[in-house]
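Here's the structure we're looking at; comments come further down.
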Amino acid sequence: MKKLKNWDNKTWLSSKSYISQFNKFLKTKINFNKNSKILDIGCGRANIISALQKKYKFKNRPIGIDVIANKEVKKNIIFKRVDALKYLKKHEKYDLILIKQTIHFFSKTNLNHLLNLAKIRLNPKGKLLIFSLKTKNNKIPCFKKMRKNLEKSLKRDETLFKIIKKNLKKISYTNFNFKVNISKQKYVRMIRERYISCLLNMSNKEINLGISEIKSKYKNQIKFTDTLKCISCRK
Ligand SMILES: C[S@@+](CC[C@H](N)C(=O)[O-])C[C@H]1O[C@@H](n2cnc3c(N)ncnc32)[C@H](O)[C@@H]1O
């Protein structure tokens with residue numbers, strides 16, 4: 001798969017409101033304190049753990065790892081450009097391991113490796129939180145070809161959820177909902193910058209056709225709910 005670079009590049013996923021609502025949701029799952037140790041796998045620009053660090057001033061700065069080092073990656077965290085599987089083979093233990101919208105980059109076998117290693121890297125009371133797009137009736141605005149690709153990827157995600165369920169015990173499910181209200185112009189820019197994996201392998205021609213479709217299909221302001229399934233697991 002080509003590399004995803006613009007996922008959180010000035011999109012609703014990097015907005016103050018999204019990060020603050022997301023971190024409020026995390027607080028319902030984790031009792032953060034100054035000693036909490038956090039690892040974010042596939043952290044992108046590290047907006048989430050950076051905001052957590054600002055709020056809780058952890059003694060150990062959260063660690064964010066990603067295979068891509070974005071220029072704008074936040075400075076108040078420790079960023080490492082490394083593959084998750086490689087990183088998890090060594091290093092310390094964490095109270096929270098966060099894997100947000102990243103599992104679809106892994107093969108089924110590697111996902112099992114990732115989960116096995118993540119379990120080893122959790123402190124006794126630590127939690128692993130996995131977030132992924134909801135697979136049924138997903139509301140992300142799409143053009144036809146994009147919807148087709150997205151549905152295919154969501155179908156594969158369902159298989160990945162089964163692997164997770166089999167691998168992890170003491171598992172619970174909840175949803176994180178965020179109400180998106182974005183101008184059509186901004187959303188078109190996000191599509192042009194291929195903000196989501198289902199756009200990565202499309203040709204420029206397909207993207208341009210898709211943009212025309214979005215322009216005629218949606219009003220100037222696009223509103224929808226972005227829903228993530230949250231899988232929570234204790235050691
Ligand atoms: C959709 S983005 C999500 C970014 C961030 N977690 C968020 O929710 O805003 C997925 C990220 O996973 C990273 N990624 C993919 N495979 C990875 C791997 N094997 N190890 C570490 N990071 C990986 C990608 O480079 C990308 O930045």
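With the biggest extent put first, the Cα atoms of the chain measure 53, 36, 29 Å across the principal axes. Exceedance of the 30 Å cut-off in Cα-Cα distance is limited, within the set 3/86; 205/229; 55/162, to 205/229; 55/162. For segment 31-73, the square roots of the Cα gyration tensor eigenvalues, ordered a ≥ b ≥ c, give a/c of at least 1.5 with a/b greater than b/c, which places it in the prolate category. If R0 is taken as 35 Å, the Cβ-Cβ distance between residue 90 and residue 31 corresponds to a FRET efficiency of 0.80.
In this label model, residue 15 and residue 57 are separated by 3.0 nm, measuring between points 7 Å along each Cα→Cβ vector. Simple point charges give the picture: +1 on the Cβ of Lys and Arg, -1 on the Cβ of Asp and Glu, and for segment 115-235 a dipole about the Cα centre of about 400 debye. With all protein chains in place and a 1.4 Å probe, the accessible surface of the chain carries 52 percent carbon and sulfur.
In the neighborhood of residue 82, defined by Cβ-to-Cβ distances under 15 Å, what is the net charge if each Lys or Arg adds +1 and each Asp or Glu adds -1? Combined, the nearby Lys, Arg, Asp and Glu give +3.
Computed per residue of the chain from DSSP H runs no shorter than four, each worth -39500 (n - 2.57), the mean residue ellipticity at 222 nm is -11500 deg cm²/dmol. Shown here for segment 69-156: GluC sites (Glu not before Pro) in loop regions (DSSP other than H, G, I, E, B) with at most 12 other Cβ atoms within 10 Å, namely 92. A simple packing score, the average count of other Cβ atoms within 10 Å per residue, orders the peptides 159-166, 212-219 as 159-166, 212-219, with the highest score first. Each of 81, 121 has its accessible area taken with a 1.4 Å probe; listed largest first, they run 81, 121. Reported to the nearest whole Å, the Cα centre-to-centre distance from segment 27-77 to segment 111-160 is 20.
Summarising the label geometry, the points placed 7 Å from Cα in the beta-carbon direction at residue 185 and residue 216 lie 2.3 nm from one another. In this structure, the pairs whose alpha-carbon distance is over 18 Å, taken from 10/144; 37/235; 10/186, are 10/144.
The values are calculated or read from the model by the stated rules, or taken from the named source; none is laboratory data. Keep in mind the model is a prediction, meaning the values are calculated, not measured. As a convention, Cβ positions derive from the backbone with ideal geometry for all residues, glycine included, and neighbour counts pool all protein chains shown. To get the accessible areas, we keep the full protein, side chains included, count just its heavy atoms, and leave off ligands, DNA and RNA. Shrake-Rupley method; radii C 1.70, N 1.55, O 1.52, S 1.80 Å.
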